[in-house]
1. For residue 367, indicate whether it is hydrophobic (A, V, I, L, M, F, W, C), closer than 30 Å to residue 52 by Cα, outside any loop (DSSP other than H, G, I, E, B) and in the same structural domain as residue 233 (by TED's automatic domain parsing).
2. Could you list all residues from the stretch 329-352 that are modelled with pLDDT of 95 or more and among the charged types (D, E, K, R)?
3. Does residue 298 meet the test of being surrounded by fewer than 21 Cβ atoms within 10 Å (Cβ to Cβ), over 27 Å from residue 408 (Cα atoms) and either at pLDDT below 95 or not aliphatic (A, V, I, L, M) (or both)?
4. Just to be sure I understand, how many residues within the stretch 403-445 are in contact (Cβ under 8 Å) with a residue 60 or more places away in the chain, within 20 Å of residue 69 (Cβ to Cβ) and in a strand (DSSP E or B)?
5. Taking the stretch 585-621 only, how many residues are surrounded by fewer than 20 Cβ atoms within 10 Å (Cβ to Cβ) and among the hydroxyl-bearing types (Ser, Thr, Tyr)?
6. Which of the residues that make up the stretch 620-662 are over 25 Å from residue 225 (Cα atoms), among the small types (Gly, Ala, Ser) and assigned to a loop (DSSP other than H, G, I, E, B)?
7. Quick one: how many residues across the stretch 1-36 are crowded, with 17+ Cβ neighbours inside 10 Å and under 18 Å from residue 88 (Cβ atoms)?
8. Name, by its number, the condition in (1) surrounded by fewer than 21 Cβ atoms within 10 Å (Cβ to Cβ); (2) within 22 Å of residue 313 (Cα to Cα) that does not hold for residue 247.
Amino acid sequence: MAVYQLEDFQVDGNTLELRRGRDAIDIEPKSFRLLVHLIENRARVVPKEELLERIWNGAAVTDNSLTRAVAQIRKALGDDARQSRFVETVPTVGYRFIGTVEELAEAPAAGEPANPDPKINWWVPLAAVTAIAASFLMPYVKLWTSSQKPPPRAMQFTNSAGLDIHPSFSPDGSSVVYASDRTGSFEIYVKQVQPGGTEVAITSDGKNNLEPSWSPDGSRIAYYSAADRSINIVPSLGGQPRRLTDFGSRPVWSLDSKRVYFRSEGVLTASFTGLVPGTMSTIWWVSSEGGKPEPLTSPGQPEGRHTEPHSSPRSDHVAFLSLAPHTDASLWEIDPKDKQPRRIHSGSPVAYDFTYAADGLNLFLLASDNGTLGIYFLKRDAATRQAAGKPELLTPVEYVQLRNIATSGNGNRLVYSATSMTSNLWQTWADGRTEGLTQESTFRSSQPVFSPDGRKIAFFLRNRGQMGDVYVVDSDGKNPRQITRNPDGDYLASWSEDGTALYYASVRQTRAAVYRYSLQDGREQPLAALDSWKSLARISPDGSRMVFHRADGGKLGIHLREIAGGKETRISREGDDVGYAAWSRDGKSVGAERFEGDSSHLVVYPLDGGQPTQVTNRAGHAWIFSFSPDNREVAFSALWGEPWNIYRQAIAADSPPRKLTDNKLFRVFLRYPAISPDNQRVVYERNETKGNLYLAELGQ
């Protein structure tokens, strides 16, 4: 392949490298291919549609994917979008390469370029971040149809700058009800499908109302109120809401509109991660006129956390997902008459969301198959209602998370939400200042931990399309360095007492274990095997023990294991549902989360055999991550009647919590607070989700 000289840059198609002198410049493969395509077609303006088709092979991606790739090219070349030297933007059309290009006869001698610096590209151009916040380009969706016509293009249906999610069609398919936080809190809206159709706000109470579901008779809409942790019903034209339950979420209607099915746990977050229940949830039902809720499924039948209920539009069947502790999600269906769950699908592709097709039998899945995320079609046998073969991939998806897929009653439309998460480390100081620490646009930047001297922070960084690795950055956010490079993921890092090594959990060829990495010589060594990466093991400060959780009989339990001898002790009491442990700084106690119904509370267990102390007791969720330097306080994130925020609280009984942040957006969650060794600040993850709804016409 050709080698191109661009001023003092070289684009080498043989080695797939972008170089400046002897230094290789880190650039993603798709961005490199995009650069080469623009260079090869420098005599013309290259339309966006051509770039999406050639570089992403027709996959369902948003305009943000292309904007992000162009921004990375400009950053690598030191280009400026406003005064372009290399890549020029032609508004509404595409891009053109305008730099001087010399095509070299041969590549440089082997071994001439130096190895790339392992540091990450940290400072993301503002244009890329703005593109995520602004809008998503209409993704191409290859929808299942019996015809051989080209797949239709999904049209952007909403355009708020925040987050639009949870769409549901009206029975006649003419309107869509959904949740949007365009006013700062989530409210319920109804919008007509026809171009230029009217839109009406159904709620306006500021209670973060989510997950609307239209009744089959068209008269009512059920939804979840995050502020009240309740399921409510409101007339489809608006009016006074009526509370239906005091717990649960994900309401869906029975075929006759007389029942509402729901999962027992409330909504943890509006982000993609909120699809997974935080506690042992089951599926319930309640009369749409009110009354006592009744369980439809039982804990452990099937094994796992039951979530995402969907009712068939042609029968009384209810389908749901079950998430077991050490296995992938499986798809089940239950007939309310006999209450016997029957498995429809398990294994790959792993479904995380789905909807019935209009026939009430076949299913559209949002799933992942060995890293290929996309929309799948599951055909089922009409007699047995079992899967008739492996789900068919309809379209792959990159850089966005498709979710909340729904089908119109006549089967001619699909609607779904295309969302994107951006995550960075933030910090709040003892004097009340709150500010960003990192400025990387990643899927997750989380789990920060300070080195013993407070000069560095180790954390977990996961880019889109990857599993994530351990990074280290200076405590001021500068000089980030990638530590691990494992395709299967490394997470939950901690420091050795002398600050010369890192411990972390890892998955290698499907086997989970704990590893030690020397920052002095770069050597990595396995320390102990784990039951599963979902054990969420953390190593004691002296490196001699690890604490982790294990599922037993549908509930979690905290266990302590000696690294050297393997001796294991259960910390939490039998019968309690306790998980997600954190070490105190002195290694003498362990904090964890104890689940009670739809709430979780912080509990600290002394390892000398003393009685545990319950630190929090509010309804909602409190998730621990670190202890103060003197071990007298814990730092945690909490969902207590308002969006997620960061708190500190003394372990001593009856001590009030101190709120450190003032997050008011439910589309934002704050997690993993780490207290600095000097006790002057707390570093945590700030994660924000944005996105819009897309509408696609199905072939007839």
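1. On the way: hydrophobic (A, V, I, L, M, F, W, C): yes; closer than 30 Å to residue 52 by Cα: yes; outside any loop (DSSP other than H, G, I, E, B): yes; in the same structural domain as residue 233 (by TED's automatic domain parsing): yes.
Considered against the rule, which asks whether it is hydrophobic (A, V, I, L, M, F, W, C), closer than 30 Å to residue 52 by Cα, outside any loop (DSSP other than H, G, I, E, B) and in the same structural domain as residue 233 (by TED's automatic domain parsing), residue 367 comes out as yes.
2. Within the stretch 329-352, 333, 335, 342, 343 qualify.
3. Details: surrounded by fewer than 21 Cβ atoms within 10 Å (Cβ to Cβ): yes; over 27 Å from residue 408 (Cα atoms): yes; either at pLDDT below 95 or not aliphatic (A, V, I, L, M) (or both): yes.
For residue 298, the condition - surrounded by fewer than 21 Cβ atoms within 10 Å (Cβ to Cβ), over 27 Å from residue 408 (Cα atoms) and either at pLDDT below 95 or not aliphatic (A, V, I, L, M) (or both) - is met.
4. Taking the stretch 403-445 and keeping what is in contact (Cβ under 8 Å) with a residue 60 or more places away in the chain, we get 403-404, 406-430, 434, 436-441, 444-445.
Now restrict to residues that are within 20 Å of residue 69 (Cβ to Cβ): 418-423, 439-441.
From the residues that got through so far, the ones that are in a strand (DSSP E or B) too are 418-423.
Result for the stretch 403-445: 6.
5. Of the residues in that region, 1 qualify.
6. 628, 652, 653, 655
7. 8
8. The failed condition is (2).
The values are calculated or read from the model by the stated rules, or taken from the named source; none is laboratory data. Fair warning: this is a prediction, and the values are worked out from it, not measured in the lab. Ideal geometry is used to build each Cβ from the backbone, glycine not excepted, and the neighbour counts take in all protein chains shown.
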